[in-house]
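The values are calculated or read from the model by the stated rules, or taken from the named source; none is laboratory data. None of these values were measured; they are calculated from a predicted model. No Cβ is skipped: glycine too gets one built from the backbone with ideal geometry, and neighbour counts run over all protein chains shown. Remember, those area values only see protein heavy atoms, side chains included, never the ligands or the DNA or RNA. Shrake-Rupley method; radii C 1.70, N 1.55, O 1.52, S 1.80 Å.
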Amino acid sequence: MTKKIILIDDHVLFREGVRRILDFEKSFDVVAEGSDGDQAIELVQKYKPDVVLMDINMPHINGVQATKKIFHAYPDVHVIILSIHDDENYVTHALKSGAQGYLLKEMDSEALIDAIKIVSDGGAYLHPKVTHNLVKEFQRLSEVKDGGLEDIEHRKPLHLLTRRECEVLQLLADGKSNRGISETLFISEKTVKNHVSNILQKMNVNDRTQAVVQAIRNGWVEVI
């Protein structure tokens, strides 16, 4: 089934590059492009896309403001924020506005395609570096709140995952991408994908971020 996509970014060259990537994916159809939040809202109203790729910094209405308006008016439309900022404040504001994805513009084409597929199916996708920063902040706030996390004994969940899957889970918490995990463990990216899929299934979570947060809560990984 074809996924209808709207691309919103005020840099034409960046839009052209992203569109070329998406045009190679037969299940994607970029139905419209725009350069600011106002156009994003108008185009969503006109085309009812599955996914909006939205730049966070734009003139007039920015990406977060536009996402909030789209989320309330068209809850079935999924927004992925595109940004150069990996600061947790930017990410938090984007997610609170209703975005279901947050990608850094340093992403590779594989991450972009994976994000669109996951988000269009109702999941969530965060850039690995963003995930790492968020879970570090989660850990800090939890320590301030109850003083408990620092006393958790870190232990591998060998009752649930294989040793290799435990290694992959730790690297997810470290903010590694599939390629980064592949290079660290000297295995193929396809094998990494299989391990991640198995981890999500065994932990009964929908995405990598949920897996990492649950692992931190249970003391299964260290966040350095």
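The modelled label-to-label distance for the pair Lys129/Val12, using points 7 Å beyond Cα in the direction of Cβ, is 2.8 nm. At a Förster radius of 35 Å, what calculated FRET efficiency corresponds to the Cβ-Cβ distance of Lys96 and Thr191, to the nearest 0.05? Using R0 = 35 Å, I get an efficiency of 0.45. Only lysines eight or more places from Lys68 in sequence, or on another chain, were considered; those with a Cα closer than 25 Å are Lys3, Lys4, Lys46, Lys48, Lys96, Lys105, Lys117, Lys129. Per residue, the stretch 1-68 exposes 52 Å² of accessible surface when a 1.4 Å probe is rolled over the protein heavy atoms with every protein chain present. Stretching Glu183 away from Met1 to a fully extended chain increases their span by 62.2 nm, per 0.36 nm per residue minus the current alpha-carbon distance. In the Gaussian network model of the chain, springs joining C-alpha atoms below 10 Å, which of Asp55, Asp76, Asp174 carries the largest mean-square fluctuation? So, out of Asp55, Asp76, Asp174, the one fluctuating most is Asp76. Just check the stretch 178-224 against the gyration tensor rule for me: Cα atoms, a ≥ b ≥ c as the square roots of the eigenvalues, rounded for a/c under 1.5, and otherwise prolate or oblate depending on whether a/b exceeds b/c. Note, shape of the stretch 178-224 comes out oblate. Comparing Asn133, Asn62, Asn204, which has the greatest mean-square fluctuation in the GNM of the chain with Cα pairs linked when under 10 Å apart? Answer for the Gaussian network model of the chain: Asn204.
Applied to the stretch 191-206, the Karplus parametrisation 6.51 cos²θ - 1.76 cosθ + 1.60 on θ = phi - 60° returns per-residue 3J(HN,Hα) values of 5, 4, 4, 5, 5, 4, 4, 5, 4, 4, 5, 5, 8, 6, 10, 8 Hz, with x for Gly and Pro. A simple spin-label model places the labels of Leu160 and Asn198 1.6 nm from each other, with each point 7 Å out along Cα-to-Cβ. Mean-square fluctuations from a GNM of the chain, with a 10 angstrom spring cutoff on Cα atoms, peak among Ile181, Ile116, Ile80 at Ile181.
What does the helix-only formula give at 222 nm for the chain: each DSSP H stretch with n ≥ 4 adding -39500 (n - 2.57), the total divided by the residues, and the result rounded to the nearest 500 deg cm²/dmol?
Value at 222 nm, helices only, nearest 500: -16500 deg cm²/dmol.
In terms of accessible area, using a 1.4 Å probe and ignoring ligands and nucleic acids, Arg163, Arg19, Arg179 rank largest first as Arg163, Arg179, Arg19. Candidates Gln214, Phe186, Ser197 compared by Cα position along the dipole of the stretch 161-224: farthest toward the positive end lies Ser197, with charges placed on Cβ.
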